[in-house]
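What follows draws every value from the coordinates through simple rules; no lab data is involved. It should be emphasised that the depicted structure is a prediction, and the values quoted were computed from it without experimental measurement. Using ideal geometry, Cβ is built from the backbone for each residue, glycine included, and neighbour counts are taken over all protein chains shown.
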């Protein structure tokens, strides 16, 4: 079964590691968020794509929840000691990847080709595609001002309430090479359990991608990132509450109106299933360990089977 | 006593650490080589200036002989694993400094100002001045072709014999801010025990600096980098043999003709003292440990006293 999966960073990446565990990894194509890409110390950092690469390569740090395992922090420690830009936490191994990517981008290689090269070097069989090679950057409008994503998320610890989300550059952004083909040849489209506004939102802000989903001829299933109305990690619940008026499964599904046929939701949210206009798939969604990830992936795939 | 010292990398840096041990560090100004500066992975690396900074800050790796102590290599290991540019050995802590410097240079800060900032962050009281803020790059003409310094030195392991040395950009290079003032206000000028061709040579290739030395009104003393006609490290002996016809103290002194008043040479080379047209200062020059460095610095300063 060929699956195209839209994904943000950590939560989505965990889900994907379960998905490639129960499927042929070569049959999965990931369409990753680039809205939170950021230039740090002159380097191009793609945090969400990297979380996906690290998860699929089996080198993600499970305890910390982000970045690489066996990481050290000596470069950044030195940067801080020398008064340099040290607000964004870059580990030494992580830095090595950013150096290679930045060099390739400066040489004119598109992000999609760089990402494919990195994936190949990491022996990842799954295609990892940025949503777009064009500049697309998520900005948040808050009572304290307008912030680029990482300024809001990391530098300000996402403490500011969000009044609106803007996807700068989305109007001109084309889908990266391979993205539309992946969506058109898939037997199933999955929206990973990522933040609908700042992880999946920027991907869907690319008109070609949104249109491909709207015109799909195969099932599309979203996995809710909320459990009991709360985000496992990050500000998805606060954003949904303020921007959509609630955190029920229906509020999540409404973010993807016309784009999905089913929503995978947690057992604790089963009461909310009745309000859904798409098919509810009730299961345990907390990805505590490898077997929980496999189970969630299996449930998602089973749901898809029932839809066809 | 105010001292202005011309210096290359490791050997020169060791000498300087002895010098600031026996003098008020704030009275010493280092004029450092930039001819071996190199762009690696999009970063501006100044190996000689950094060797000086690390030595003066007491964070040089004494055993390895170059780079920082307590170093790790995870970024470069990752770069290599990802097929990136890994020929130039950059440690993680070292990389932190290159990131900060590169960022500042890109923002338009001159190398001299960046170096002063780095020195201040490292709590170095000695002024560390690049010879020039302008691009000046050492190239070697060899039977195998023309190579930029680090290509020849690191990538090819300086295995090619050198037929000529070129200082690209030297014709247009101005002395960096502070350099001429340091030479004009010094009570003593010292040429550290560095390679005359590829460490001190590029500094003297800046016309303003060479002229300031030629017109000096204070003693100038060079410390020979050879012991028994052999370089302690590096290709200085092979270069002198091929380019100057020998490795005696006179061959070293001839590289600085008209620019020095005395040459510090090792006891084992005492026989060669008679051929010198400048004053010979015979002492032990091997900088095995801290006390040996202090002794060599003391001998150099004593020599200067005898010259005034």
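If you take the alpha carbon atoms of region A:198-295 and fit the smallest convex hull around them, that volume is 105 Å³ per residue.
What shape does region B:54-123 have by the C-alpha gyration tensor, where a ≥ b ≥ c are the square roots of the eigenvalues, rounded means a/c under 1.5, and otherwise prolate means a/b greater than b/c and oblate the rest? The shape class here is oblate.
Report, as an integer, the average count of C-beta atoms from other chains found within 10 Å of each Cβ along B:98-105.
Per-residue shielding by partner chains comes out at 6.
Annotation: the residues A:239, A:1, sorted from fewest to most other C-beta atoms within 10 Å of their own C-beta, follow the order A:1, A:239.
Determine, from the Cβ-Cβ distance of residue B:27 and residue A:146 and an R0 of 56 Å, the FRET efficiency 1/(1 + (r/R0)^6), rounded to the nearest 0.05. For residue B:27 and residue A:146, the calculated efficiency is 0.60.
Going by neighbour counts of Cβ atoms within 10 Å, the residues A:266, A:70, B:21 line up, fewest first, as A:70, B:21, A:266. Subtracting the Cα-Cα distance of residue B:70 and residue B:270 from 0.36 nm times their residue separation leaves 68.1 nm of extension gain. Using only Cα atoms, find the angle between the long axis of helix B:111-121 and the longest principal axis of chain B, and express it within 0 to 90 degrees, rounded to the nearest 10. Helix B:111-121 and the main axis of chain B meet at about 90 degrees. The distance between label points at residue A:214 and residue A:230 comes to 3.7 nm (points 7 Å beyond Cα on the Cα→Cβ vector). Sorted shortest first, the separations between the residue A:39 label point and its copies elsewhere in the assembly read 1.5 nm; each point sits 7 Å from Cα along the Cα-to-Cβ line.
Between residue A:63 and residue A:184, the simple spin-label model (points 7 angstrom out along Cα→Cβ) gives 4.8 nm. DSSP assigns beta bridges within chain B; of those with both partners inside it, close to 40 percent run antiparallel.
When the Cα centres of region B:1-34 and region A:160-200 are compared, how far apart do they sit, in Å? The two parts, judged by their Cα centres, are 57 Å apart.
Partner chain Cβ atoms within 10 Å, averaged over the residues of B:147-158 - can you pull that number for me?
That average works out to 0.
In a GNM of chain A with a 10 Å cut-off on Cα contacts, which of A:30, A:162, A:290 has the highest mean-square fluctuation? Its mean-square fluctuation being the largest, the pick is A:290. A point 7 Å from Cα along Cα→Cβ stands in for residue B:178, and the other copies hold the same point at 4.8 nm, listed in rising order. So what is the 222 nm mean residue ellipticity for the protein assembly as shown from helices alone, if each DSSP H run of at least 4 adds -39500 (n - 2.57) and you divide by all residues, rounding to the nearest 500 deg cm²/dmol? Roughly -10500 deg cm²/dmol at 222 nm, from the helical runs in the protein assembly as shown.
For the pair residue A:242 and residue A:155, what calculated FRET efficiency results from E = 1/(1 + (r/R0)^6), where r is the Cβ-Cβ distance and R0 = 25 Å, to the nearest 0.05?
My answer for the efficiency is 0.75.
An ellipsoid equivalent to chain A, defined through the eigenvalues of its Cα gyration tensor, has semi-axes of 29, 22, 19 Å when rounded to whole angstrom and sorted largest first.
Its alpha carbons give the protein assembly as shown an Rg and a Dmax of 30.8, 103 Å. By DSSP, the beta bridges lying fully in region B:160-308 are antiparallel in about 15 percent of cases.
Rounded, prolate or oblate: which fits region A:113-159 when a ≥ b ≥ c are the square roots of the eigenvalues of the alpha-carbon gyration tensor, with rounded for a/c under 1.5 and prolate only if a/b beats b/c?
It is prolate, given that a/c is not under 1.5 and a/b is the larger ratio.
For residue B:61, the label point sits 7 Å beyond Cα toward Cβ; its separations from the matching points on the remaining copies run 2.2 nm, from shortest to longest.
Cut-off 17 Å, label point 7 angstrom out along Cα-to-Cβ of residue A:107: give me the residues of region B:8-40 whose amide nitrogen falls inside. In region B:8-40, the label zone of residue A:107 (backbone N under 17 Å from the point 7 Å along Cα→Cβ) covers B:39-40. Set the Förster radius R0 to 35 Å, insert the Cβ-Cβ distance between residue B:286 and residue B:125 as r into 1/(1 + (r/R0)^6), and round the FRET efficiency to 0.05. The value I calculate is 0.85.
Helix B:10-22 axis versus longest C-alpha principal axis of chain B: approximately 60°, rounded to the nearest ten. Seen through its C-alpha gyration tensor, with square-root eigenvalues sorted a ≥ b ≥ c, region B:58-196 comes out oblate because a/c lies at 1.5 or above while a/b is not bigger than b/c. With the biggest extent put first, the Cα atoms of region A:8-82 measure 47, 26, 18 Å across the principal axes.
By the count of other C-beta atoms within 10 Å, a proxy for reagent exposure, B:126, A:132 are ordered fewest to most as B:126, A:132. For the protein assembly as shown, the share of DSSP beta bridges that are antiparallel, to the nearest 5, is 40%.
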